[in-house]
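A.B. asks: Provided herewith is a single structure, encoded as structure tokens, for subsequent inquiry.
Values in this text are rule-based calculations from the coordinates and carry no lab data. Keep in mind that what you see is a predicted model, and the values were worked out from it rather than measured. Here the Cβ positions follow ideal geometry from the backbone for every residue, glycine too, while neighbour counts run over all protein chains shown.
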Amino acid sequence: MFIVTVTEPLRFKHRLVSYPGYEKPHEHQWMVTVKIKREEIDETGISWDFIKVRKELKKVLSLLHRKDLNKIDFFKDNPTAERIALFISQRISLPVCEVSVGDEKEKVTLIIK
């Protein structure tokens, strides 16, 4: 199995509901990493074209980039890192096996089986 990994920045604002210390609006500059799987390579020897994967990730991230996540219906309950990873995984049109959201110090990874 081959896994292609692509990372893009995501900047957003949110506040966490009923989570002490994070109830006030604040911003993040995080990195989002997706891993796309494929069993075989094609006739050119490629499993996934990095450009295609990056374009698809950017398309999904454009729904969140520089936005207040609390104003997006999907996040109305609480815009956590876990929900951001879930949002991305449900909207990317490629066979995602992993989505990571966060920075070099703190990160959430959603593993899709």
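A.B. asks: Which of rounded, prolate, oblate describes the chain, given a ≥ b ≥ c as roots of the alpha-carbon gyration tensor eigenvalues and a/c under 1.5 marking rounded, otherwise prolate only if a/b is larger than b/c? Provide the component values of the computation, followed by the final result.
C.D. replies: On the way: a/c = 2.49, a/b = 2.30, b/c = 1.08.
In terms of gyration-tensor shape, prolate.
A.B. asks: Where in the stretch 77-92 does the amide nitrogen come within less than 19 Å of the point 7 Å from the Cα of Glu106, taken along Cα to Cβ?
C.D. replies: Those under the cut-off are 77-87.
A.B. asks: A follow-up question, please. Rounding to the nearest 10 and keeping the result within 0 to 90°, find how far the Cα-based axis of helix 81-91 lies from the longest principal axis of the chain.
C.D. replies: For 81-91 against the chain, the angle is about 40 degrees.
A.B. asks: Pairing the Cα long axis of helix 50-61 with the longest principal axis of the chain, what angle in degrees results, from 0 to 90 and rounded to the nearest 10?
C.D. replies: 20
A.B. asks: Then there is this: Helix-only mean residue ellipticity at 222 nm, the chain, DSSP H runs n ≥ 4 weighted -39,500 (n - 2.57), per residue, nearest 500. What is it?
C.D. replies: Values: 2 runs with 23 residues, N = 113.
Only helices count here, giving -6000 deg cm²/dmol.
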